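Structure first, commentary second.
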Amino acid sequence: NSKLRHVEKDVLIPQIMRDRAKELCSDKVQAFTKCCQETGLLMVVKCRQENTALKECLVGYYSDPSFYEECKAEYLKQREEYRATGIKKKRQKFTPNV
């Protein structure tokens, strides 16, 4: 049964999307984090470029229908395994095929 409940569509799948997008945009996450650590209180002004690059990367994934379908398939697989075994698996880190 692949019918999705409201909480699955609106909370659980988007959580997988956020986690995977952060992993896929990790270079931009690291650049923004490094900039913030180096500039302290001035980060709002000084890290604007890194923040913009990070947002563009994340939004690119969030708005990609094929990425949503990929994350939905991952969620359904996890749900199926949980229903079969009763054991909730910890989500593995996603490693992109480079």
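Give me the percent of the accessible area of segment 6-82 that comes from carbon and sulfur atoms, probe 1.4 Å, all protein chains in place.
57
I'd like to check one number: the per residue accessible area of the chain, probe 1.4 Å, reported in Å² as a whole number. Provide the component values of the computation, followed by the final result.
Working: 7590 Å² over 98 residues.
With all protein chains present, the chain gives 77 Å² per residue.
Run the lone-cysteine check on the chain: no other Cys C-beta under 4.7 Å from the residue's C-beta.
C36, C71
Enumerate the calculated ³J(HN,Hα) couplings along segment 47-52 in order (Karplus 6.51 cos²θ - 1.76 cosθ + 1.60, θ = phi - 60°), each rounded to whole Hz, writing x wherever the residue is Gly or Pro.
9, 4, 5, 5, 5, 4
What lysines could a cross-link reach from K46, if we take a straight Cα to Cα line under 21 Å and drop same-chain neighbours fewer than 8 places away?
Cα-Cα hits under 21 Å: K28, K34, K55.
As a check on your grasp of the helix formula, calculate [θ] at 222 nm for the chain: sum -39500 (n - 2.57) over DSSP H runs of n ≥ 4, divide by the residue count, round to the nearest 500.
Numbers: 5 runs with 66 residues, N = 98.
That comes out to -21500 deg cm²/dmol.
Return, for the Cα atoms of the chain, the radius of gyration and Dmax in Å, separated by a comma.
Calculated on Cα positions, Rg and Dmax stand at 16.6, 51 Å.
Compute, for the chain, the length of the dipole vector about the Cα centre, with Cβ point charges of +1 (Lys, Arg) and -1 (Asp, Glu) only. Units Debye, rounded to 20. Show your work: numbers first, answer last.
Numbers: 20 positive and 14 negative charges, 81 e Å.
The calculated dipole for the chain is roughly 380 debye.
The values are calculated or read from the model by the stated rules, or taken from the named source; none is laboratory data. Because the structure is predicted, anything quoted here is derived from the model rather than measured. When we count neighbours, we look across all protein chains shown, and the Cβ atoms used for this are built from the backbone with ideal geometry, even at glycine. Calculation scope for accessible area: heavy atoms of the full protein, side chains included, ligands and nucleic acids excluded. Shrake-Rupley method; radii C 1.70, N 1.55, O 1.52, S 1.80 Å.
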